[in-house]
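Participant: Provided herewith is a single structure, encoded as structure tokens, for subsequent inquiry.
The values are calculated or read from the model by the stated rules, or taken from the named source; none is laboratory data. Note that the structure is predicted; figures quoted are calculated from it, not measured. Cβ placement follows ideal geometry from the backbone for every residue including glycine, while neighbour counts extend to all protein chains displayed. In case anyone asks, the SASA skips ligands and DNA or RNA and just uses the protein heavy atoms, side chains included. Shrake-Rupley method; radii C 1.70, N 1.55, O 1.52, S 1.80 Å.
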Amino acid sequence: MRLARARTDGGVVTGEYRDGRLVTDDDAYEIDEEELLPPCEPTALYCVGRNYATTLEQMSYERPEEPDFFIKPPASLLGHGDPIAYPPFTAELTYAGELAAVVGVECRDVDPDDVSDVVRGYTIMNDVDALDQQGRTARKAFRGSGPLGPWLETDVDPTAIDMHTDVAGERRQEANTELMLFDPYEIVSFVSHRFTLQPGDVVAFGSPANPGLVEPGDAVEITYEGVGTLRNEIVTSDAF
């Protein structure tokens with residue numbers, strides 16, 4: 001099932017997204033994909049880095065002994081189809097296509113075997129990074145650095161999903177989630193032992209190799225099979 005959010009004349013509505021229609025218990029709305037909002041309202045986005053061996057090799061990182069994570073704030077969110085403004089403070093803006101879980105219930109200290117009971121579904125995040133800034137917060141936690149969507153897929157096995165990322169029509173990333181160093185269940189469990197997770201919180205699992213530079217005019221399309229495609233276009237810094 002695909003669960004999505006959209007703004008309607010009656011306010012923000014959440015329901016099942018079926019072929020251009022957002023269906024609730026009481027009504028159905030004709031909604032274009034580009035009109036979808038981020039599929040959840042998190043208190044935080046917990047993002048794991050360095051979770052693919054090929055990425056470690058590419059970036060000359062050391063292999064982590066446990067999930068290496070950072071936090072993006074809700075203010076970083078963009079929806080599917082929203083433009084990503086190239087910030088004026090960077091000359092090195094990058095993309096990274098990531099699978100992400102959305103928590104469905106308040107929880108803490110969750111065992112890996114029980115993670116599927118607390119996750120509402122899976123979606124896609126673009127971990128936008130101002131690579132030339134100092135420190136992860138400055139690099140990764142600015143306005144528009146967290147495109148998320150287009151919806152939540154509730155029926156998917158996150159441990160063996162093919163993915164690819166296209167930038168301006170060129171294939172830049174291609175991998176499978178089975179290549180993760182820490183699988184999604186381990187990561188959600190790890191984060192839950194450090195924070196009390198709230199409904200709507202996001203846990204992203206890291207990007208395969210070849211996160212790279214983007215320029216205004218580039219369309220970034222991140223696809224995880226069985227989940228969907230998140231698409232956003234880079235625009236000039238005037239929109240920041």
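Participant: Alpha carbon centre of the stretch 118-142 versus the stretch 73-108: separation in Å?
Facilitator: Going from one Cα centre to the other spans 5 Å.
Participant: Which peptide among 83-89, 64-70, 125-131 comes first, and what is the full order, when sorted by highest mean count of other Cβ atoms within 10 Å?
Facilitator: Ranking the peptides 83-89, 64-70, 125-131 by packing returns 125-131, 83-89, 64-70.
Participant: Any idea how far apart Thr154 and Val105 come out in nm if each label point goes 7 Å out from Cα toward Cβ?
Facilitator: 1.4
Participant: Then there is this: If amide hydrogens are placed 1.01 Å from N in the peptide plane, which non-local residues have theirs closer than 5 Å to the one on Asp68?
Facilitator: Residues meeting the criterion, in which the H sits 1.01 Å from N, are Gly49.
Participant: Suppose we keep just the alpha-carbon trace of the stretch 127-227; what are its Rg and Dmax in angstrom?
Facilitator: Values for the stretch 127-227 (Cα only, Rg and Dmax): 14.8, 41 Å.
Participant: Let me spell out the model: positive unit charges on the Cβ of Lys and Arg, negative unit charges on the Cβ of Asp and Glu, origin at the Cα centre of the chain. What dipole size does that give, in debye rounded to 20?
Facilitator: Here the size comes out at about 760 debye.
Participant: Sort 11-24, 152-165 by packing, meaning the average of other beta carbons within 10 Å per residue, with the highest value first.
Facilitator: Descending packing order for the listed peptides: 152-165, 11-24.
Participant: Only helical DSSP H runs with n ≥ 4 go in: add -39500 (n - 2.57) per run for the chain, normalise by residue count and round the 222 nm mean residue ellipticity to 500 deg cm²/dmol.
Facilitator: My calculation for the chain gives -2500 deg cm²/dmol from helical runs alone.
Participant: Further question on the same structure: Please list the radius of gyration and Dmax for the chain, considering alpha-carbon atoms only, with Å as the unit.
Facilitator: Looking at the chain, its Cα Rg and Dmax stand at 16.8, 53 Å.
Participant: What length, rounded to one decimal in nm, is gained on full extension from Arg136 through to Glu233, with 0.36 nm per residue of separation minus their alpha-carbon distance?
Facilitator: Difference between extended and current length: 32.6 nm.
Participant: Sticking with this structure for a sec: Calculate the all-directions average of the projected area of the stretch 78-176's alpha-carbon convex hull, and give it in nm².
Facilitator: Directional mean of the projected Cα hull area for the stretch 78-176 stands at 7.9 nm².
Participant: Probe radius 1.4 Å, ligands and nucleic acids ignored: give me the carbon and sulfur share of the accessible area of the chain as a rounded percent.
Facilitator: Whole-percent figure for carbon plus sulfur exposure: 42.
Participant: Also, I was wondering about something else. In angstroms, what radius of gyration and Dmax does the stretch 58-122 have, counting Cα atoms only?
Facilitator: Final numbers for Rg and Dmax: 16.2, 44 Å.
Participant: Looking at the chain as a GNM with Cα springs under 10 Å, which of Ala175, Ala100, Ala28 has the largest mean-square fluctuation?
Facilitator: Evaluated over the chain, the most mobile residue of the options is Ala28.
Participant: Oh, and also: Of Tyr46, Thr8, Ala168, which is farthest towards the positive pole of the chain's charge dipole, taken about the Cα centre with +1 and -1 on the beta-carbons of Lys, Arg and Asp, Glu respectively?
Facilitator: Checking the options against the dipole of the chain, the answer is Tyr46.
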